[in-house]
Amino acid sequence: MKALNQKEKKAHTSKTTSGPNSKNKISLLLVLVFVLLSFLISFVTYPLLPETMTVHWGINGEANGFAPRVLGIIIMPVLTLFLAALLITIPKLDPLKGNIESFKEKYYEFIAVFCGFMLYIHTITILLNFGLNLNLIALLSPAFALLMYYMGILLGSAKRNYFIGIRTPWTLDSEKVWEKTHKLGEKAYKLSAIICLFGIIFPSQALILILGPIILSSTYLIIFSYLEHKKIVKK
């Protein structure tokens, strides 16, 4: 019976560990696919693009930054690759890496969403350089909304660490403050995501609807973490 119980425990353990591991592999596979697609799109469209590409637009949507085609077409894929590699490496560098392991599944999902976001921006950049009359700011709204929503999910599951989440002196000093701030952060960033979507309906106000909620949420969460820590010190 003991041997049977041990086998059952092992089977249960393998089931519980294989699930998250397999999900992590899927997320990392998506990261690889998005990065490769970014390079592939650049390679395929390179001959069709103008010699000088627009690589930056102002808040009014007008082009104000240019680069040679060979540079303009490769900036985003290389940046995506670099940031993906950096984000994947971060858990290995953190002294509290054990805490990151507890929410690694959500973290890898976020990396995949982030790389998809970068691919989306890269695609829009190329389409605009083809001369298509697109409203850049309005097109950014759904992309930022998705990114903010997944950031909210990540914050809700994040445990105390030095790289990921709302890392203020007060959240890093107290587990309780970390938990409270990140639970509030989950709601704040998900709400920010919903507000971002209104940029599709009101394109002239899209930039405010994207940046406003993010800045306000981040500022409020920093203040909240300080006030919560102050309560604990008084006790």
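Couple of notes before you dig in:
- When region 154-195 is filtered for residues that are surrounded by fewer than 17 Cβ atoms within 10 Å (Cβ to Cβ) and of a type in the set (A, V, I, L, M), the ones remaining, listed by number, are LEU191, ILE194.
Yes/no matrix, rows are residues, columns are (1) in contact with an Asp or Glu (Cβ under 9 Å, 6 or more places away or on another chain); (2) assigned by TED's automatic domain parsing to the domain that holds ILE41:
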position	(1), (2)
LEU83	no, yes
LEU87	no, yes
ALA145	no, no
LYS159	yes, no
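- Filter result for the condition that a residue is aliphatic (A, V, I, L, M) and outside the structural domain of ILE208 (by TED's automatic domain parsing), over ILE153, ILE124, ILE166: ILE124
- Taking (1) closer than 25 Å to TYR108 by Cα; (2) modelled with pLDDT of 95 or more in turn, ILE210 satisfies each apart from (2).
- Evaluation of LEU139 against the conditions (1) at pLDDT below 95; (2) under 19 Å from LYS106 (Cα atoms) shows that the sole unmet condition is (2).
- Counting only helices (runs of 4 or more DSSP H) that fall entirely inside region 123-235 and contain at least 1 residues that are of a type in the set (Phe, Trp, Tyr) and under 30 Å from VAL44 (Cα atoms), the qualifying elements are 136-157.
- Qualifying residue in region 111-121 (condition: of a type outside the set (Lys, Arg) and closer than 15 Å to PHE163 by Cα): yes
- Only a single item in (1) over 29 Å from ILE73 (Cβ atoms); (2) touching a strand residue (DSSP E or B) at 6+ places or on another chain (Cβ under 7 Å) is not met by LEU128, and it is number (1).
- Residue match in region 180-188 (condition: at pLDDT 95 or above, over 30 Å from MET53 (Cα atoms) and over 19 Å from the mean Cα position of the chain (by Cα)): yes
- Hits in region 196-212 - residues which are buried (at least 21 other Cβ atoms within 10 Å of the Cβ) and without any contact (Cβ under 8 Å) to a residue 60 or more places away in the chain: CYS196
- Options GLY131, GLY116; residue that is more than 21 Å from TYR150 (Cβ to Cβ) and small (Gly, Ala, Ser): GLY131
The values are calculated or read from the model by the stated rules, or taken from the named source; none is laboratory data. It should be emphasised that the depicted structure is a prediction, and the values quoted were computed from it without experimental measurement. Neighbour counts are summed over all protein chains in view; Cβ atoms, including those assigned to glycine, are modelled from backbone coordinates with ideal geometry.
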